[in-house]
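S.K.: Okay, here's the structure, questions in a sec.
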Amino acid sequence: MHPPVTRFAPSPTGLLHLGHAFSALVGWSRARRSGGSFLLRIEDIDRTRSRPEFETALIEDLAWLGLDWDGEIRRQSDHFAEYDAALERLEAAGLLYPCFCTRKDIASAGAAPQGPDGPLYPGTCRHLDPDQAAALRNAGRPFALRLDMARARALVGDLFFEDETEGRIAATPELLGDVVLARKDIPASYHLCVTLDDAWQGVTLVTRGMDLLPATHIHRLLQALLELPVPAYAHHRLLTDGTGTRLAKRDNATSLRALREMGRSPADVRRLAGFQD
Ligand code: GLU
């Protein structure tokens, strides 16, 4: 087994909290324990929510925690042209369609089946006449690009990925429906960018929270469609507060900043995060 290439990929939309510290420590220790590499990637495609001050803060917080990373930090916002090329490839293969629905349209479309992240897209724009879609596009109507899941699925056959705790998992991306791969305001989606970057950066072990396990099914499909290597996965447990609620960025009480200001040391933070190496 080659030493793993792992990564931590935060979005600079708030301060890092204990849950992030745990996630970063998992990736970092897996690399450092076995002579692998640990990469830091800033997932800042959402230009309205990402803030340079959060990026500065997260870099400082990780360093304070005692983490170091290999090579340059990759910033997703520097790579929109590359993500776009991948979208064009999917579009040329007939796997994307423009969707002009607003949130309200989707909500009022009636009973859509539920996916792990909420109701699935009911497929309204999948049936749009191509001329009509082109006319709406030319008229400047905002649209998202959705993956035609049925077509994509038919193209690739059965897919699997390995998770360290769950073992071999059969990918069922269809449970998430026709996911959005690009929007007017965010021209490449999380699913697309994370899959491409993990491949382009040579990541061989993706360590991230259990909450992203449903997303991995989509990523496995994109890997097949775009002929990308398939990393191994280690989806880890999520940290919760005293009441069992998952930690979120808006709970500033557990931000690494706040803990540090309260006089906690990096060793205290590791302990509070329940991190044992
Ligand atoms: N950027 C994502 C987040 O902050 C994590 C992506 C990943 O680890 O795949 O939640």
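No lab work stands behind these numbers, since they all come straight from the coordinates. Nothing here was measured: the structure is a model prediction, and the numbers come from that model. Here the Cβ is made from the backbone with ideal geometry for all residues, glycine too, and neighbour counts use every protein chain on show.
S.K.: Kindly provide the helix-only [θ] at 222 nm of the chain, computed as the sum of -39,500 (n - 2.57) over DSSP H runs of four or more divided by all residues, to the nearest 500 deg cm²/dmol? Could the numbers behind the result be given before it?
M.R.: Values: 10 runs with 101 residues, N = 277.
So the calculated ellipticity at 222 nm is -10500 deg cm²/dmol.
S.K.: Go through the chain and flag any cysteine with no other cysteine's C-beta closer than 4.7 Å, please.
M.R.: That list is C101, C193.
S.K.: Is there a quick way to get the dipole size of the stretch 74-136? I mean about its Cα centre, with the Cβ of Lys and Arg at +1 and of Asp and Glu at -1; what is the value in debye to the nearest 20? Mind dumping the intermediate values first?
M.R.: Working: 6 positive and 9 negative charges, 55 e Å.
The dipole magnitude comes to about 260 debye.
S.K.: Once Lys and Arg get +1 and Asp and Glu get -1 on their Cβ, which of A112, L40, A133 lies farthest toward the positive end of the dipole of the chain?
M.R.: Most positive-ward Cα: A112.
S.K.: Would you mind putting 216-228, 124-136 in packing order, based on average other-beta-carbon counts within 10 Å, highest first? Kindly include the intermediate steps, with their values, before the conclusion.
M.R.: Numbers: 216-228: 20.3, 124-136: 12.8.
Top of the packing list down: 216-228, 124-136.
S.K.: If you don't mind, another one. For A234, enumerate residues with amide H under 5 Å from its amide H, sequence gap 5+ or separate chain, H modeled in the peptide plane.
M.R.: Placed amide hydrogens put E164, V206, T207, R208 under 5 Å from A234.
S.K.: Tabulate in residue order the Karplus-calculated ³J(HN,Hα) for the stretch 31-43, using 6.51 cos²θ - 1.76 cosθ + 1.60 with θ = phi - 60°, rounded to whole Hz; enter x for Gly and Pro.
M.R.: Along the stretch 31-43, the couplings run 6, 5, 5, 10, x, x, 10, 10, 10, 10, 10, 9, 9 Hz.
S.K.: Quick one: which residues, 5+ away or cross-chain, put their amide H under 5 Å from the amide H of L239? H built at 1.01 Å from N.
M.R.: Those qualifying (amide H under 5 Å, at least 5 residues apart or on another chain) are L247.
S.K.: Quick one: Cα centre-to-centre distance for the stretch 1-45 and the stretch 76-138, in angstrom?
M.R.: Value for the Cα centre distance between the two parts: 31 Å.
S.K.: When the dipole is taken about the Cα centre of the stretch 35-139, and only Lys, Arg (+1) and Asp, Glu (-1) are charged at their Cβ, what size is it in debye, to the nearest 20?
M.R.: On the way: 11 positive and 19 negative charges, 113 e Å.
Dipole size: approximately 540 debye.
S.K.: Over the chain, calculate the relative contact order: mean separation of alpha carbon pairs under 8 Å at least 6 apart, over the residue count, as a percent. It would help to have the intermediate numbers written out before the result.
M.R.: Details: 428 pairs, mean separation 68.8, N = 277.
Once normalised by length, the contact order is 25 percent.
S.K.: Need one word for the stretch 79-225: rounded, prolate or oblate. Basis is the Cα gyration tensor (sqrt eigenvalues a ≥ b ≥ c); a/c below 1.5 gives rounded, then a/b vs b/c decides.
M.R.: Numbers: a/c = 1.92, a/b = 1.45, b/c = 1.32.
Taking the square roots of the gyration eigenvalues as a ≥ b ≥ c, the stretch 79-225 is prolate.
S.K.: Separate question: Using modelled backbone amide H atoms (1.01 Å from N, in-plane), which distant-in-sequence or interchain residues come within less than 5 Å of A171's amide H?
M.R.: HN-HN under 5 Å from A171: L159, F160, F161.
S.K.: Per residue of the stretch 203-218, what does 6.51 cos²θ - 1.76 cosθ + 1.60 with θ = phi - 60° give for ³J(HN,Hα)? Whole Hz please, x for Gly and Pro, Karplus curve as stated.
M.R.: Karplus-based 3J(HN,Hα) across the stretch 203-218 equals 5, 10, 9, 8, 9, 6, x, 3, 4, 9, 4, x, 5, 4, 5, 5 Hz.
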